[in-house]
1. Each label point is 7 Å from the Cα along the Cα-to-Cβ direction; what then is the distance between the points at R166 and D277, in nm?
2. How many nm is it between the label spots at E140 and S109, if each spot is 7 Å from the Cα in line with the beta carbon?
3. Using 0.36 nm times the number of residues separating I157 and W31, minus their current alpha carbon distance, what extension gain do you get?
4. Which order do S109, S85 fall in if you start with the one that has the fewest other Cβ atoms within 10 Å?
5. First measure r as the distance between the Cβ atoms of R189 and Q45, then evaluate 1/(1 + (r/R0)^6) with R0 = 22 Å and state the FRET efficiency to the nearest 0.05.
Amino acid sequence: MVVLNLMYDIVLKLPNMFGHKISFEEPMMRWLGGSTMIFAVDYEQRRGYPTVCAILSYLTPDFTVFRSDYIAKNEESDLRYTDESKVAFKDIIKKAILDFEQLNNTSVSRVVVLRDGVSEIQKRSLQTTEVAFFNETFAELGRDGVNLNFLTADKRISTKIFEFNRRENKLNHLEAGIYVDRDIVKDGRPSFYLNASNNRMSKCCFYEVLYPQVLNPTDFDNLMSLVFKLTFMYFHGYNIANIATPGILKYAQKKATHFSILNTLRLDATEGREIYDTRSGDLKRKR
């Protein structure tokens with residue numbers, strides 16, 4: 001495996017054992033157990049517009065129906081949370097969990113949160129804000145046994161990863177489903193690069209697990225397989241080969257922009273706070 005960091009112009013030639021082919025077959029589905037919830041959180045921050053946090057969640061174990069909601073804050077508030085916005089954030093989580101349990105007649109056992117890329121400084125603040133909000137919500141609902149996995153997804157990275165073909169002595173693009181795990185990423189924290197593109201692009205998305213800070217190998221492998229699966233749960237684009245991040249995170253990005261516009265125009269506050277069904281092959285509102 002070859003890692004090319006364009007920022008520092010460094011090429012690392014590593015043994016092929018650092019790259020792994022993953023799938024989302026039976027072991028990962030057993031790990032999910034039909035009681036795993038997926039959340040996606042994204043911010044829209046533009047000068048002159050309200051700061052909006054879109055919070056989406058899948059309501060079905062097959063990742064086809066999702067709920068869309070948001071909170072709006074003052075432009076200058078950035079990622080800081082007032083008491084009011086903290087309560088609003090936690091209320092959205094509570095409603096989503098209770099609806100999931102009622103709809104599927106099960107108790108939530110695991111929650112996976114995908115957070116759109118943030119800076120290193122912001123990642124530290126997430127530990128005391130959004131990560132804490134989820135854990136506090138579980139305690140308030142009496143769900144102390146829920147396992148939380150909180151990941152950030154970074155798309156704007158300079159690193160490119162290639163497979164080194166010893167026989168032909170050249171660099172090849174990675175196949176979809178190839179990931180590079182914590183063996184070569186920073187600080188020993190649970191993190192990985194994932195190439196989830198069918199067109200074999202060498203630029204991967206970087207995922208870092210902010211919580212928990214230690215994962216056993218089984219959970220880590222299944223979490224990577226889940227992220228890969230979610231990458232293809234997106235039906236609103238024209239070129240599936242260019243998808244690089246989980247589908248629900250793409251929906252969250254679109255919704256954050258949409259909600260920001262709604263708040264700027266001061267339209268109906270309930271607009272966009274709806275449930276969507278993607279099984280029809282496009283993004284449809286669920287009546």
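Read the figures in this text as sums done on the coordinates, not as results from a lab. Worth saying up front: this structure is predicted, and the values here are computed from it rather than measured. When we count neighbours, we look across all protein chains shown, and the Cβ atoms used for this are built from the backbone with ideal geometry, even at glycine.
1. It works out to 5.3 nm between the two label points.
2. 2.6 nm
3. Additional length available on full extension: 42.3 nm.
4. S109, S85
5. For R0 = 22 Å, the calculated efficiency reads 0.30.
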